[in-house]
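Below: the structure, in structure tokens.
The values are calculated or read from the model by the stated rules, or taken from the named source; none is laboratory data. Just so it is clear, the model here is predicted, and its values are computed rather than measured. Every residue, glycine among them, receives a Cβ derived from its backbone with ideal geometry; neighbour counts consider all protein chains shown. In case anyone asks, the SASA skips ligands and DNA or RNA and just uses the protein heavy atoms, side chains included. Shrake-Rupley method; radii C 1.70, N 1.55, O 1.52, S 1.80 Å.
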Amino acid sequence: MIKVGIIGGAGYTAGELIRLLINHPDVEIKFINSSSNAGNKITDVHEGLYGETDLVFTDELPLDTIDVLFFCTAHGDTKKFMESHNVPEDLKIIDLSMDYRIKSDDHDFVYGLPELNRRTICQSKHVANPGCFATCIQLGLLPLAKHLMLNDDIMVNAITGSTGAGVKPGATSHFSWRNNNLSIYKPFAHQHVPEIKQSLKQLQNSFHSEIDFIPYRGDFPRGIFATIVVKTKVELEEIVKMYEEYYAEDSFTFVVDKNIDLKQVVNTNKCLIHLEKHGDKLLIVSCIDNLLKGASGQAVHNMNLMFNLEETVGLKLKPSAF
């Protein structure tokens with residue numbers, strides 16, 4: 001059994017991670033750390049887990065009792081923890097924050113997008129889980145980068161559910177504001193753009209184009225639906241073949257010939273991609289569940305790879321669908 005610890009156990013991503021891990025046949029959760037909830041039952045916070053676990057939050061950190069540590073912490077907190085604690089040398093770490101996503105000589109974290117770095121993840125000790133928007137958008141673009149086809153600016157519009165803002169209430173996540181409403185935020189300046197560019201450049205070294213990304217807040221709780229427009233004269237049939245070949249060995253990313261919708265992926269670790277050609281413009285539609293494929297599901301996928309398990313273990317999930 002893989003012995004697991006979780007730090008930052010009270011948020012949405014932690015709740016999803018706990019749900020996945022308590023049902024994972026090869027995992028035993030040793031502790032879930034949350035200073036503000038120490039002593040409380042997990043189900044006091046994650047009420048959807050009633051009847052599934054008797055675990056209790058702790059403020060202790062018995063790092064010597066686990067094989068892998070998940071960070072579900074606020075951005076900046078993982079780095080502070082790593083710098084201030086004596087972390088066992090052989091402890092595997094999966095960080096769901098953005099602290100280590102950008103490659104640097106200052107750390108050894110590998111960017112944890114399996115569809116891009118599967119082999120490296122399998123051999124890694126420290127993995128930085130990608131951002132949710134970044135995952136959805138990259139999966140829509142990676143095959144084009146592999147074929148050196150990203151030579152013009154890329155237009156992206158993507159809408160995310162309210163859980164993407166985190167569990168802490170705020171003005172733009174308040175039900176009475178968010179319901180039946182739509183708004184944009186951080187246009188052209190979203191924090192996930194650098195990691196997207198990093199991945200595209202990994203496959204296409206000549207990539208220097210702009211990613212004109214407009215994020216939207218949706219009036220639904222979970223999911224990301226992205227539309228991407230790229231200029232190309234290549235025929236659609238050839239492009240579809242490129243995508244199918246690129247994702248042929250991947251267990252969670254699928255190219256669909258019919259138009260797609262968000263409910264097909266919500267509550268799953270899947271990414272669905274649909275392609276259309278309109279003149280010289282390629283329309284790429286990509287959708288994921290922001291809390292699963294965009295966070296906790298991908299983290300479990302990375303854990304499976306790091307421990308040489310079949311990658312779909314614990315992740316065969318039913319979509320909401322209707």
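Worth a mention:
- Accessible area of residue 184 in the full protein assembly, 1.4 Å probe (Å², nearest 10): 80 Å²
- The stretch 41-108: relative contact order in percent, alpha carbon pairs under 8 Å with at least 6 residues between: 29 percent
- Per residue accessible area of the stretch 184-242, 1.4 Å probe, in Å²: 51 Å²
- Solvent-accessible surface of the stretch 1-125, averaged per residue with a 1.4 angstrom probe and all protein chains in place: 50 square angstrom.
- Residue 155/residue 86 FRET efficiency (R0 41 Å; Cβ-Cβ; nearest 0.05): 0.30
- Candidates 219, 106, 261: whichever shows maximal mean-square fluctuation once the chain is modelled as a Gaussian network with Cα springs under 10 Å: 106
- Counting only protein chain heavy atoms and rolling a 1.4 Å probe, the accessible areas of 101, 119 rank, largest first, as 119, 101.
- Sites residue 61 and residue 249 - FRET efficiency at Förster radius 45 Å, r taken between beta-carbons, to 0.05: 0.75
- Mean separation of Cα contacts under 8 Å, 6 or more apart, over the residue count of the chain: relative contact order %: 18 percent
- Across the protein chains, with a 1.4 Å probe defining accessible surface, the residues 277, 186 rank 186, 277 from largest area downward.
- Top positive-direction residue, dipole computed over the stretch 136-203 with Cβ charges, set 172, 189, 151: 172
- Global form of the stretch 233-282, assessed from the alpha-carbon gyration tensor, a/c cut-off 1.5: oblate
- Subset of 3/168; 80/125; 79/168; 3/197 violating a 23 Å alpha-carbon distance limit: 3/168; 3/197
- At an R0 of 35 angstrom, the distance between the Cβ atoms of residue 185 and residue 125 translates into a FRET efficiency of 0.50.
- One Cα centroid belongs to the stretch 242-285, the other to the stretch 133-206; the line between them spans 16 Å.
- Build a GNM of the chain with springs between Cα atoms under 10 Å apart, and of 248, 295, 171 the one that fluctuates most is 171.
- Debye, to nearest 20: dipole size of the stretch 84-170, +1 on Lys, Arg Cβ, -1 on Asp, Glu Cβ: 280 debye
- Percent of beta bridges antiparallel (DSSP, the chain, rounded to nearest 5): 45 percent
- Counting only heavy atoms of the protein chains and using a 1.4 Å probe, residue 244 has close to 100 Å² of accessible surface.
- 3J(HN,Hα) from dihedral phi, the stretch 121-137, Karplus parametrisation 6.51/-1.76/1.60, rounded to Hz, x for glycine, proline: 4, 4, 9, 9, 9, 10, 10, 9, 5, x, x, 5, 4, 4, 4, 4, 6
- Shown for the chain: the carbon plus sulfur share of the solvent-accessible area, taken with all protein chains present and a 1.4 angstrom probe, equals 50%.
- Gain in span if fully extended, residue 201 to residue 74, counting 0.36 nm per residue against the direct Cα distance: 43.0 nm
- The chain - Debye-derived log10 I(q)/I(0), Cα point model, q = 0.07 Å⁻¹: -0.27
- Taking the Cα centre of the chain as origin and assigning +1 to Lys and Arg Cβ atoms and -1 to Asp and Glu Cβ atoms, the resulting dipole is close to 680 debye.
- For the chain, the longest principal axis of the alpha carbon atoms and the long axis of helix 296-306 meet at an angle near 80°.
- Burial order of peptide ranges 196-207, 64-75 (average beta-carbon count within 10 Å, highest first): 64-75, 196-207
- Relative to the longest principal axis of the Cα atoms of the chain, the long axis of helix 193-203 makes an angle of roughly 70 degrees.
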